[in-house]
Amino acid sequence: MELIPQLIVSGIAAGALYALVAIGLVLIYKATEIVNFAQGESVTVGAYMGWLFVTEFHMPYFPAIAAVMAASALVGIVVERVAYRPLIHSPPFTVILATLAVGLIIKNAIRLVWQDTPRTINGALSATPLEFAGVLITPERLAIIVTVAVVVTALMLFFRFTKLGKAMRATAQSQEAASLMGISVSGIFSKTWALGSALGGIAGVLIAPLIGINTELGGVLIPGFVAAIVGGFTSIPGAIVGGIMVGVFENFAGVYVSSSFKRVVSFVILIAVLMIRPSGLFGKPVRKQV
Amino acid sequence: MNLLSSLGKRAGALAAALVMTSMAHAQQDILIGYHGPMTGPASWVGLGGRDGALLAIDEINAAGGVNGRKIKMISYDDGAKPSEAEAVSKKMIESDKVFAILGGGVSNVGIVVGEEAHRAKVPYMNGTAASPKIMDIQSRWIFSGATIDIRDISQNEVIFIGEYLKAKKVAVMNATDEFSQTLANDVIKGIKEKYGVDVTTQQKYNPGDTDFSSQLLAVKQTNPDHVLLFGLYVEAARAIRQARELGIRTPFMGDTSMMNSGLLTVAGPAAEGLTVEYVPLYFNGNKAKDMVEFEARYKKKFPSYPVDRPNYVDVYNYGTMYALAEGMKRAGPNMTQKGLVEALETLKEFKASDSWPNAVHIIQPLSFNEAHNGNRRLSFHRVANGTFQPIADFKPPVPTTKFPANATLKW
């Protein structure tokens, strides 16, 4: 096994998960200007829903993924209507606190029902590694990378060619102008939250067979958040690049610096990128007229 | 005469009031404080410790309580954080005025609570934490129940690695919490000194981590014949599974916290061949009469709990609570906190079933030696065909080392 290529491939596999979380963060922020600190819990919700559909309702794995997406989207809509819509004119800090509170409520509600006992899903793909030129990767982890690629492509096509996608882009650029053009801004908000939550749900159901399911899965928010900032908090391609950078750099730091340093490295990347390019790698500088 | 009669009546009333107060006091519940992490990655420790103790308390109270008094337990979440542990200790001691504290926390929290209990002169029975720093406070107020000191775990592990596994080159992966770090360092020192084992690398990870590829790849590079894993079972399961994904076929050896069916759930077939230690007498599903009875009672009290409960922490604090109650019983009806300590020190090879009619015996017998460590025994197991099987051909000796060598416990 070649170490450096393996570190890169394993890093990309880990970073793909961070990228999925980051894309959800970016989507919601672009349309609503809200940083969703509950995005990590949408991964947890997706994982538990996957467990319910596969293990309790005996659904095959791939249809369960579609079911999780739909269910997660519904959860996103409900949360937006109940927790965030009433705060639409509130100061940003209030809304941030609301997202933190929602995250805590979701986590503890799950804990109340299912305790903290780890669960798992039997995925449909093999855990036996495949070898490509001395580099090992399992079909399960390859699926996460492929999923990110498919999601990004689908989102690009969605925003470019569909009416709803264009409406979302218009709302992200200017809520006032979009409203004047007849776009229901509140309706767009709901659909954006649905999409962001669905992405978190996909991440949860994909990662569940690999690492098990417990109420602490939301911790993936931190590297996802770093990935979103590194990429520029308004860029979906940036979120992917940011996620992969975090995953790969963590791996290299863990081997060549110290395993204790691994978790710290994502923040080192963050500071380094922001010092050189404050708007992130792909973000556009924001100018305010005073 | 009238004056004498009046004084006599008043003295009688006063005496009656004193007797009534004494009886009321004697009939008051005995309030125990409990702490453990009930949220966060280590919540299975705190919740298990609490629920095992609650079951024991139900049984003790149903049998008439302790010298006619019922036990009542008030529980607090310490979040596995020393900062919260300090606040929780002060609340229990100063505000709730608990008579004694039962610990269900992790090691770094046990140290804080132990220090507070010593300062306040409140008996502290640690049921779950294993750090030697708790007992090194050298306080007569502090006891360690069904759990086992890291020094005893490491002594047994060193012998197992050197004489049973016959390992020559090992890699170590340990979590950064107090228990895992201390145990890993002790074992590394022991295997190097006693058996000349080569430790090829020591990799660290954090509780809650989900990706271990860099640590595992660093381990793979050194080509060890065994990997020693120290940490909590969820992360261990993930690491073992990911090791197989990266083509690592090396056998793993885990520590006492990993003999948990949750590990088998998450790791799946990747766990085959894992060796671990276990401290209580029986693992979940064992057909021994006492374990069958315990699990039945547990499921009756907690019907909605998942299949891997009770876990070993439930078992620890079920047995430890009985030991605490036994100390209270021996301290007598006019029990004081100091009296409880002196009574606990008389427990030798204590089995709950010997003196409590409802109790089942599922932990190692407890003897509170000079250092107040109740249990020094454990056993070894291997994962085979998806379950933990005892390793019958290896019986570790019971450690006799005193630690510290010249321990002098202080009031």
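Kindly rank A:235-246, B:222-233 from highest to lowest mean number of other beta carbons found within 10 Å of each residue.
A:235-246, B:222-233
Once amide H atoms are built 1.01 Å from N in the peptide plane, which residues 5 or more positions from B:Gln364, or in another chain, come under 5 Å H to H?
Sorted by chain and number, the residues that satisfy this are B:Leu281.
Determine ³J(HN,Hα), in whole Hz, for all residues of the range B:213-224 in sequence, where each value follows from phi through the Karplus function 6.51 cos²θ - 1.76 cosθ + 1.60 and θ = phi - 60°; x replaces Gly and Pro.
4, 5, 4, 5, 5, 5, 5, 4, 4, 8, 6, x
Can you pick out the pairs among B:Lys192/B:Lys220; B:Lys194/B:Lys410; A:Lys166/A:Lys284; B:Lys70/B:Lys287; A:Lys30/A:Lys163 whose Cα atoms lie more than 26 Å from each other?
B:Lys194/B:Lys410; B:Lys70/B:Lys287
In peptide B:212-224, what is the residue-averaged number of other protein chain Cβ atoms found within 10 Å of each Cβ?
Taking the mean over all residues of the peptide, I get 5.
With unit charges on the beta carbons (Lys and Arg positive, Asp and Glu negative) and the dipole taken about the Cα centre of the protein assembly as shown, which residue among B:Phe388, A:Leu97, A:Gly24 sits farthest to the positive side?
A:Leu97
For peptide A:255-263, what's the mean number of Cβ atoms from other chains within 10 Å of each residue's Cβ?
6
Need one value for A:6-13: mean number of C-beta atoms belonging to other chains within 10 Å of its residues' C-beta atoms.
Other-chain Cβ atoms within 10 Å of each residue's Cβ, averaged: 3.
With charges set only on the Cβ (+1 for Lys and Arg, -1 for Asp and Glu), what does the dipole of the range B:65-209 come to about its Cα centre, in debye to the nearest 20?
Values: 19 positive and 19 negative charges, 74 e Å.
In debye, rounded to 20, the range B:65-209 gives about 360.
Which listed residue (A:Ile269, A:Leu195, A:Ile110) has the Cα farthest towards the positive end of the charge dipole for chain A, taking +1 on Lys and Arg C-beta and -1 on Asp and Glu C-beta about the Cα centre?
A:Leu195
How big is the gap, in Å, between the Cα center of the range B:86-135 and the Cα center of the range A:37-58?
Comparing the Cα centres of the range B:86-135 and the range A:37-58, I get a distance of 37 Å.
If packing is taken as the average count of other Cβ atoms within 10 Å, what order do A:27-35, A:49-57 fall into, highest mean first?
A:27-35, A:49-57
Which pairs in the list B:Lys91/B:Lys351; B:Lys300/B:Lys351; B:Lys133/B:Lys289; B:Lys289/B:Lys338; B:Lys91/B:Lys338 are over 29 Å apart, alpha-carbon to alpha-carbon?
Working: B:Lys91/B:Lys351 32 Å; B:Lys300/B:Lys351 23 Å; B:Lys133/B:Lys289 36 Å; B:Lys289/B:Lys338 37 Å; B:Lys91/B:Lys338 21 Å.
Check vs 29 Å cut-off fails for B:Lys91/B:Lys351; B:Lys133/B:Lys289; B:Lys289/B:Lys338.
How many angstrom separate the Cα center of the range A:84-110 from the Cα center of the range B:338-384?
One Cα centre to the other: 48 Å.
Return the percentage of antiparallel bridges among DSSP beta bridges fully within chain B, rounded to the nearest 5 %. If you can, show how the numbers build up before the last one.
On the way: 10 of 44 bridges.
Counting only bridges with both partners in chain B, antiparallel ones make up about 25 percent.
Mind checking the dipole of chain A: about its Cα centre, +1 per Lys or Arg Cβ, -1 per Asp or Glu Cβ, Debye to the nearest 20?
The dipole of chain A has a size of about 880 debye.
Go through the range B:322-328 residue by residue and turn each phi into a ³J(HN,Hα) via Karplus (6.51, -1.76, 1.60, θ = phi - 60°); whole Hz please, and just put x for glycine and proline.
5, 5, 4, 5, 4, x, 5
Report the net charge of residues surrounding B:Glu94, where surrounding means a beta-carbon distance below 15 angstrom and charges are Lys +1, Arg +1, Asp -1, Glu -1.
Net of charged neighbours comes to +1.
With each label point set 7 Å from Cα along the Cα-Cβ vector, what nm distance links B:Thr250 and A:Arg85?
Reported label-point gap for B:Thr250 and A:Arg85 is 5.6 nm.
Suppose every Lys and Arg Cβ carries +1 and every Asp and Glu Cβ carries -1, with no other charges. What dipole size does chain B come out with about its Cα centre, to the nearest 20 debye? Write out the running numbers ahead of the final one.
Details: 45 positive and 42 negative charges, 155 e Å.
Computed charge dipole of chain B: roughly 740 debye.
Could you quote the convex hull projected area for the protein assembly as shown, Cα atoms only and averaged over all directions, in nm²? Could you put the intermediate results ahead of the total?
Values: hull surface 158.1 nm².
Taking a quarter of the hull surface, the average projection is 39.5 nm².
Take the Cβ-Cβ distance between A:Tyr256 and B:Lys121 as r, set R0 to 60 Å, and report the resulting FRET efficiency rounded to the nearest 0.05.
Details: r = 52 Å, r/R0 = 0.86.
The value I calculate is 0.70.
Go through A:215-222, B:392-399 and give me the packing order, highest mean Cβ count within 10 Å leading.
Averaged packing, sorted descending, gives the order A:215-222, B:392-399.
Take the alpha-carbon centre of the range B:157-175, take the same for the range A:134-212, and report the distance between them in whole Å.
Cα centroid of the range B:157-175 versus Cα centroid of the range A:134-212: 48 Å apart.
How much of the DSSP bridge set in the protein assembly as shown is antiparallel, in percent, rounded to the nearest 5?
Percent antiparallel among DSSP bridges in the protein assembly as shown is about 30.
Considering chain A as a Gaussian network with a 10 Å cut-off on Cα pairs, which listed residue, A:Gly232, A:Gly254, A:Gly201, attains the greatest mean-square fluctuation?
Most flexible of the set in this elastic network: A:Gly254.
Positive end of the dipole of chain B, charges at C-beta (+1 Lys, Arg; -1 Asp, Glu), about the Cα centre: which of B:Met291, B:Gln221, B:Ile57 has its Cα farthest in that direction?
Ranked along the dipole, the leading option is B:Ile57.
How far apart, in nanometres, would the label points at A:Thr153 and B:Phe302 be if each is projected 7 angstrom from Cα along the Cα-to-Cβ direction?
It works out to 4.8 nm between the two label points.
At B:Thr222 and A:Val268, where each label point lies 7 Å from the Cα along Cα→Cβ, what is the point-to-point distance in nanometres?
2.0
Output ³J(HN,Hα) for the range A:172-177: one whole-Hz value per residue in order, computed from phi by the Karplus curve 6.51 cos²θ - 1.76 cosθ + 1.60 with θ = phi - 60°, and x for Gly and Pro.
Listing the rounded values in order: 5, 6, 7, 5, 5, 5 Hz.
Where a number appears in this text, it was derived from the coordinates with a stated rule and is not lab data. Please read these numbers as outputs of a predicted model, since none were measured by experiment. Glycine gets a Cβ as well: all are built from the backbone with ideal geometry, and neighbour counts include every protein chain shown.
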